Amino acid sequence: MEAEELDLQLQSLSAEPALQLQGGEASFSYPLSSWAYHQKLIQLRLILQMGFELSIYAPEELPGIYWYLSHICSTHLSHLDRIRTFTVAARKRDLVNSGHEETSAQRSPAYHRSFLYLERLTTHIIAIDAFAIALHALYVLLARHQILPSASGPDAYSSDKLRYELRMKPFIPISLPELVPYEEYHREATLEGDTDATILDRASKAITEARKAWEATLVNGAFIEDVSSPTKEPSIAIEEDWRRDIKDTMRACIAASIAIETVKKALLGNNPSSEGNPSNLRVVIPEIGSKTQWHDWWIVPQISEKNAAKPTTSGVVSQP
């Protein structure tokens, strides 16, 4: 039986009242459907991120894929806000309708775990979203000024639309979230109508937000700890791997900040209102597993001036 049908049965058994959402629309919590949609969004995000790790994306696809990753994250954040709204409403009803303080106290830890999980998960997805926005904007500038390496030649039997249809083929049968139409995807992925200065500002603000959010994620700790049992120790090995992964991501954030500033200097120089010439920039997409690739999911381009000395791989990015 589908989750929606089970939710309808639960709704009739629990006599859950409808909740007025923003815009005046009345809705129910649909807990099983919400959980299934939450898991689906996680899997969609992981599929996109695993594509970076497996090196299946050509350099010219990176702007669009990072935009789509951000799109999935923003959709997930909206869904988490909906879950949080209904959880808060359920907690308020529980406090009002509970005839015994003891019963309310017994349910309190469960609500505490739910709110804690929602808070930590939201922070984590905000970090992913902000980093994706920053890299998307950076790659858009590199592609716009034709300094981004390309895997396809001028006579290749391919196009942006065909590549998009190929990459999104696994998502076509999925009804929710709907696949973004190519026209909308192309408009958003290329940031049509935005100036270089606007895109640079977008990238700078996003990478700053990403670094703060990843720091907060690291402070919050891994999701492996059972918060219902404060005395229970999490697996040390798993937590070490998780911390190493987050720190590698933070190093990638620092590298992205340097790349953004390099492009900003080449494009705008000391005059933010002018459009510069980035033809003097050299762009290298690091290979997975190389010393200059800080994290498998975050492909940060190496950007330097052609007339400058080639930087060494050691000491470029400081340890967080």
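The values are calculated or read from the model by the stated rules, or taken from the named source; none is laboratory data. None of these values were measured; they are calculated from a predicted model. No Cβ is skipped: glycine too gets one built from the backbone with ideal geometry, and neighbour counts run over all protein chains shown. Quick note on the areas: whole protein, heavy atoms, side chains included, nothing else; ligands and nucleic acids left out. Shrake-Rupley method; radii C 1.70, N 1.55, O 1.52, S 1.80 Å.
Out of all the residues in the range 1-15, which are without any contact (Cβ under 8 Å) to a residue 24 or more places away in the chain and either in a helix (DSSP H, G or I) or surrounded by 13 or more Cβ atoms within 10 Å (Cβ to Cβ) (or both)? Even if it seems obvious, please write down each step before you answer.
Restricting attention to the range 1-15, the residues satisfying the condition of being without any contact (Cβ under 8 Å) to a residue 24 or more places away in the chain are 1-2, 5, 8-15.
Answer for the range 1-15, where residues must be without any contact (Cβ under 8 Å) to a residue 24 or more places away in the chain and either in a helix (DSSP H, G or I) or surrounded by 13 or more Cβ atoms within 10 Å (Cβ to Cβ) (or both): Glu5, Leu8, Gln9, Leu10, Gln11, Ser12, Leu13, Ser14.
Pairing residues of the range 110-121 that are more than 22 Å from Ala213 (Cβ to Cβ) with residues that are of a type in the set (D, E, K, R), at Cβ distances under 7 Å and at least 6 apart in sequence or on separate chains, gives Tyr111/Arg91. Listed by first and then second residue, the pairs linking a residue in the range 55-76 that is more than 11 Å from Leu148 (Cα to Cα) to a residue that is in a loop (DSSP other than H, G, I, E, B) and not β-branched (Val, Ile, Thr), with Cβ atoms under 7 Å apart and 6 or more places separating them unless they lie on different chains, are Ile65/Tyr57; Thr75/Pro177.
Here's the yes/no breakdown for (1) assigned to a loop (DSSP other than H, G, I, E, B); (2) within 30 Å of Ala266 (Cβ to Cβ); (3) open to solvent by 40 Å² or more (accessible area, probe 1.4 Å):
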residue	(1), (2), (3)
Pro109	no, no, yes
His112	no, no, yes
Leu118	no, no, no
Ala132	no, yes, no
Val140	no, yes, no
Gln146	yes, yes, yes
Ser150	yes, yes, yes
Glu178	yes, no, yes
Glu183	no, no, yes
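Based on what the data block shows, is Gln293 at pLDDT below 90, surrounded by 17 or more Cβ atoms within 10 Å (Cβ to Cβ) and under 23 Å from Ala151 (Cα atoms)? Considered against the rule, which asks whether it is at pLDDT below 90, surrounded by 17 or more Cβ atoms within 10 Å (Cβ to Cβ) and under 23 Å from Ala151 (Cα atoms), Gln293 comes out as yes. Pick from the range 18-32 the residues that are hydrophobic (A, V, I, L, M, F, W, C) and either outside any loop (DSSP other than H, G, I, E, B) or out of contact with any Asp or Glu (no Cβ under 8 Å at 6 or more places or on another chain) (or both): which of them is nearest to Glu4 (Cα to Cα)? Per the stated criteria, the residue is Leu32.
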